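A quick write-up on the structure given underneath.
What follows is calculated from the coordinates using simple rules that are stated; it is not laboratory data. Keep in mind it's a predicted model, so treat the numbers as computed, not measured. Glycine also receives a Cβ, built like all others from the backbone with ideal geometry; neighbour counts cover every protein chain displayed.
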Amino acid sequence: MICTSPERGCVVLDQPQQAVSAAVDPALVSDLLETHTRKIHLLIIDVGLEDYQHEHPEPTATPGEYRFRFVPRGPGPYRLWANTLPVVSVREEFARADLPSSAGPGRVKKFSTNLTARSDGLRYELQFDGGEVQAGRVAIGRIKIFTEAGVPVSRLEPVMGAFAHFAAFGWSRKNFSNLPWAGEVQHAP
């Protein structure tokens, strides 16, 4: 069970959200193995697939209870997946919860392909070998990072044990893929 802002019962745009997770059979930190340098990952996405956040809950004083914060950048609602790797099964698990919105149920927007993004003074370009990505086929991708002046970025620091992570969500928010980058850093000439 996941509760966000229990006094409100829903997420509110631009307001820090405090949440606590609890379960009937709680998992202790010692019951979990690390994946990508952490024991719990939360993948959070809004209904419009425009606000993605990745958080790491921390244990509270109550065994099996974890706390996290996030600030919604859209009106919501949000879907959250808790990614864990239990010691007993050594198999990744993804528990899902929906976080309702004070703005109502929200709606899916019309989507178009966008393989570029800008953030914090950098421009990102995503490319796939063979062109268009197709269902049922392996897609090998590359990401190129440039400054706003067009200079390739060649100095990266690892985050969660990798130089890049790729998160992709289906328009229905029922499916997703979360992959760390597997490869060598290719420095600009």
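Here's how it looks for Tyr66: its modeled amide H is under 5 Å from those of Ser21, Thr60, which are all 5 or more places away or on a different chain.
For Leu99, the amide hydrogen comes within under 5 Å of the amide hydrogens of Tyr78, Arg79, Leu80, counting only partners 5 or more places away or on other chains and with H modelled in the peptide plane. Between Ser119 and Leu33, residue separation times 0.36 nm minus the direct Cα-Cα distance comes to 27.8 nm. With a cut-off of 12 Å between beta carbons, the residues surrounding Trp81 carry a summed charge of 0, where Lys and Arg count +1 and Asp and Glu -1. With K and R counted +1 and D and E -1, the other residues having a Cβ less than 15 Å from that of Glu125 yield a net charge of +2. What the phi angles of segment 67-82 give under the Karplus curve with 6.51, -1.76 and 1.60, with θ = phi - 60°, is a coupling list of 10, 8, 10, 8, 10, x, 9, x, x, x, x, 10, 10, 10, 10, 9 Hz, glycine and proline written as x. Using the Karplus relation 6.51 cos²θ - 1.76 cosθ + 1.60 with θ = phi - 60°, the per-residue 3J(HN,Hα) values for segment 121-134 come to x, 10, 10, 10, 10, 9, 10, 10, 4, x, x, 5, 6, 10 Hz, with x marking Gly and Pro.
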